[in-house]
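The values are calculated or read from the model by the stated rules, or taken from the named source; none is laboratory data. Nothing here was measured: the structure is a model prediction, and the numbers come from that model. Using ideal geometry, Cβ is built from the backbone for each residue, glycine included, and neighbour counts are taken over all protein chains shown. Only protein heavy atoms, including side chains, enter the accessible area calculation; ligands, DNA and RNA are left aside. Shrake-Rupley method; radii C 1.70, N 1.55, O 1.52, S 1.80 Å.
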Amino acid sequence: MSKKERHLFPGSNTSQGFYSFFQYIIPANEARRIFYIKGGPGTGKSSLMKKISKIFLDNGHTIEFFHCSSDNESLDAIAIKDLGIALIDGTAPHINDPSVPGALDEILNLGVFLNERQLSKEKNSIIETYSAIKDNFNRAYAYINSAKSIHDNWSYYNKKALDVRALNSLNEELKKEIFKSDEIGLGKERHLFATAFTPNGIVSYIDTLYEGFQHIYTLKGEPGTGKTSLLTFLKDEALRRGYSIEIFHDPLIPSRIEHLIIPDLNTAILTSNEINNSESIGKEINMDCLLNTRYINSVQDEIEENKDNFYKLLNIGLKNLSKCKKLHDKLEKYYVDNIDFNGIDILSEKLIERLLVYEKESL
């Protein structure tokens, strides 16, 4: 087996608040065992997942790392896909619990190693910190939502200038180029984020997702130039033909598709947009070429004003996410100072032994 890493976000901070696709980490019908890890901040959930992922990555398995959008250096989940095993953070804001307790999934409660007596002495400070974190998240979401409103204005001008007939022709052209035949079977869709708004700014892991693909397209263009329409058209066509697909959503407007991957066709259709500002990979398709340049030139001042205001508001939202992270670090310290890490180490070793048995049984 050759080892491989895939990095993704199961949820993101968006203009609609925190938006979750945790249900797509691993389908229940493909899972052997799912562990939901409970415990306060700083109790070692992410560290445990990193420790386990290193062992199984070194053993040659493909590991999916699901990063936390509130701290992209921490993990919300890992999945060892070929073994059907996932470990998932089950605490707020993405509270997850077993759906088929015992038979499929179970809880790992790291909270039992907390010193409740000592923590109770810090109760008021902890509650105040939680409240401050909530206030800053709400402020961040308010600014991101305001940025989205300006973004709608920016998109409006491009949509007005868009040559719909040319877009439809491009749809058909790419359909013929990408889909040579129908796949036998029923297509499945998986929804996640490759890009997220984080305390470290806008972070994207898309380069870990198209690695090794033979056919890569990059749609480049401003908002409103038809990228979402084209990706939706190709998504529907792939599902109609029976292909399973991965749909990666836009962190600003989660209903928008940012990237589309069709593994069975070794094909990735990516976007380089105003959020990810990524370099073009593979065949570049410049969506701005579908616009009426005469009209666009006549409203260029309005577009530039919207663009400037959009980034100003978005950056204020990102700064507030950064404040949330600093407050969360403060919160973690209360828990780190009051937890029995020896107990967690013993639990970790027992868990690893169980997982290695699953690995042995799968050979």
Query raised in the report: Gaussian network model of the chain, Cα springs within a sub-10 Å range: biggest mean-square fluctuation belongs to which of GLY90, GLY201, GLY185?
Result: GLY185
Report task. Report relative contact order for the chain in percent, whole number only (criteria: Cα-Cα under 8 Å, sequence separation at least 6). Result -> 24
Query raised in the report: Can you pull the Rg over Rh of segment 4-118, Cα-only, Kirkwood?
Result: 0.96
Report summary line: Taking only protein heavy atoms and a 1.4 Å probe, the highest-to-lowest accessible-area order of ILE346, ILE247 is ILE346, ILE247
Report summary line: The answer for THR43, listing residues at least 5 apart or on another chain whose modeled amide H is closer than 5 Å to its amide H, is none
Report task. Heavy atoms only, probe 1.4 angstrom, no DNA, RNA or ligands counted: give me LYS235, LYS159, LYS180, LYS330 ranked by accessible area, highest first. Result -> LYS180, LYS159, LYS330, LYS235
Query - the chain, accessible area per residue, ligands and nucleic acids excluded (1.4 Å, Å²) - result: 47
Requested in this report: May I ask you to list the residues of segment 210-225 whose amide nitrogen lies under 19 Å from a point 7 Å from Cα along the Cα→beta-carbon direction of GLU5?
Outcome: 210-213
Requested in this report: Would you work out if segment 195-236 is rounded, prolate or oblate? Take a ≥ b ≥ c from the square roots of the eigenvalues of the alpha-carbon gyration tensor; rounded if a/c is under 1.5, else prolate when a/b is larger than b/c, oblate otherwise.
Outcome: oblate
Report task. Subtract the Cα-Cα distance of LYS180 and SER255 from 0.36 nm times their separation in residues, and report this length gain in nm to one decimal. Result -> 24.2 nm
Query raised in the report: Per-residue HN-Hα couplings for segment 137-154, Karplus 6.51 cos²θ - 1.76 cosθ + 1.60 at θ = phi - 60°, whole Hz, x for Gly and Pro?
Result: 5, 4, 5, 4, 5, 5, 6, 5, 5, 5, 4, 5, 4, 5, 4, 4, 5, 4
Query raised in the report: Which value in nm describes the separation of the simple spin-label points at LYS360 and ALA166, placed 7 Å from the Cα toward the beta carbon?
Result: 6.4
Query raised in the report: Among the aspartates and glutamates, which fall within straight-line cross-link reach of LYS307, defined as a Cα-Cα distance under 16 Å, with same-chain neighbours fewer than 8 residues apart omitted?
Result: ASP152, GLU222, GLU274, ASP288
Query raised in the report: Relative to a virtual label point 7 Å from the Cα of ASN277 in the Cα→beta-carbon direction, which members of segment 207-233 show backbone nitrogen distances below 15 Å?
Result: 221-223
Query - Estimated FRET transfer efficiency when R0 is 41 angstrom, pair LYS123-GLU349 (beta carbons, to 0.05) - result: 0.80
Query raised in the report: Rg and Dmax of the chain, using alpha carbons, in Å: what are they?
Result: 22.4, 71
Report task. Would you mind working out the magnitude of the charge dipole of the chain relative to its Cα centre, with +1 at each Lys and Arg C-beta and -1 at each Asp and Glu C-beta, to the nearest 20 Debye? Result -> 380
Report summary line: Stretched fully, the stretch from ILE202 through ASN29 gains (0.36 nm per residue minus C-alpha distance, one decimal, in nm) 58.9 nm
**Report entry** 0 to 90° range, to nearest 10: angle between helix 164-178 axis and the chain longest Cα axis
**Finding:** 60
